[in-house]
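What follows draws every value from the coordinates through simple rules; no lab data is involved. Since this is a predicted model, take the numbers as computed values, not measurements. No Cβ is skipped: glycine too gets one built from the backbone with ideal geometry, and neighbour counts run over all protein chains shown.
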């Protein structure tokens, strides 16, 4: 994990990105915040009013919230949920928290340089990866999750 | 109970429909059946409180847990009477009691009403449950009490008009 504090610095420093499929598209997260790709564990749910949180799961002794970001990224719930991408997000006071993101297939690592977002892209897109036959949006995890919560 | 496991606490694991919750055993005065649970007069009912229970000559207002936690209606089987508050919780069954030593904070990702409902999460031998905050029901009980007082006042005014 990097010790960088600002997204701007991380944007330059994160040399690789984890690409993952949701619906018919692929998205990316900086690899320095991705901890692992895991088979879905036993989801434990309980009542809450936060949108798109599916529950929690136990991962390496930690309680990890499961956030289904598929609705905002693809417009519908993640259906296959073949894996959970475990990523780290910053929370209040500089602390960090793991979050599990259901994804629809296997991931890939890419080292292509990130390009600044162009055109009218959602606020959660921090950059773009230009791959052969594909432009992949690099997500700002915090903004995606916050956007989810506000919906 | 703390995060380093230096002390432990017994919790009661109960069920509302298929969902399990925990509550500190210290917060529970009694677990009883539905005998004596009565519907409040229609004008006194609120969304979360529709019943009362007389127990040891004290009236307890009974919170419907399913409604309180925004769940689908569930068949009640028991009432948890909370210690020192004259509040009852209409629940499904009681599963078991377990001693736990660690209270995990609710992950920051949870930002809704659950932050008021639960003190945190506890790991059981067979899963994870939220630990209900006994004080979470104060607001709904306060509303119910005001509602009942207004209903009584309206009733007495009507009676006065006929006197």
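Sorted ascending by nearby beta carbons within 10 Å, beginning with the fewest, A:147, B:54 become B:54, A:147.
Taking B:104, B:70, B:116 as the candidate residues, the one with maximal mean-square fluctuation in a Gaussian network model of chain B, Cα springs under 10 Å, is B:70. Label positions at residue B:45 and residue B:26, each projected 7 Å from the Cα along the C-beta direction, are separated by 3.7 nm. With the convex hull of its Cα atoms as the shape, the protein assembly as shown has an orientation-averaged projected area of 21.1 nm². Among B:74, B:149, B:17, the largest mean-square fluctuation in a Gaussian network model of chain B, built with springs joining Cα atoms closer than 10 Å, belongs to B:149. Here the contact order of region A:27-151, divided by its residue count and restricted to Cα pairs under 8 Å and six or more residues apart, works out to 25 percent. Residue order for B:97, B:71, fewest other beta carbons within 10 angstrom first, comes to B:97, B:71. Dividing the summed -39500 (n - 2.57) terms of all DSSP H runs of n ≥ 4 by the residue count of the protein assembly as shown sets its mean residue ellipticity at 222 nm at -5000 deg cm²/dmol. Ordered from longest to shortest, the equivalent ellipsoid semi-axes for region B:22-163 are 32, 17, 12 Å, each the square root of 5 times a Cα gyration tensor eigenvalue. As a rough footprinting exposure proxy, the listed residues B:96, A:124, A:17 were ranked by other beta carbons within 10 Å of their own, and the order from fewest upward is B:96, A:124, A:17. Here the contact order of chain B, divided by its residue count and restricted to Cα pairs under 8 Å and six or more residues apart, works out to 27 percent. Taking Cα atoms only, the orientation of helix B:138-162 departs from the longest principal axis of chain B by about 10 degrees.
Remark: mean inter-chain Cβ contacts per residue of A:59-69 equal 2, using a 10 Å Cβ-Cβ cutoff to other protein chain atoms. Which one, B:125, B:14, B:137, has the greatest fluctuation when you compute a Gaussian network model over chain B with C-alpha springs under 10 angstrom? Answer for the Gaussian network model of chain B: B:125.
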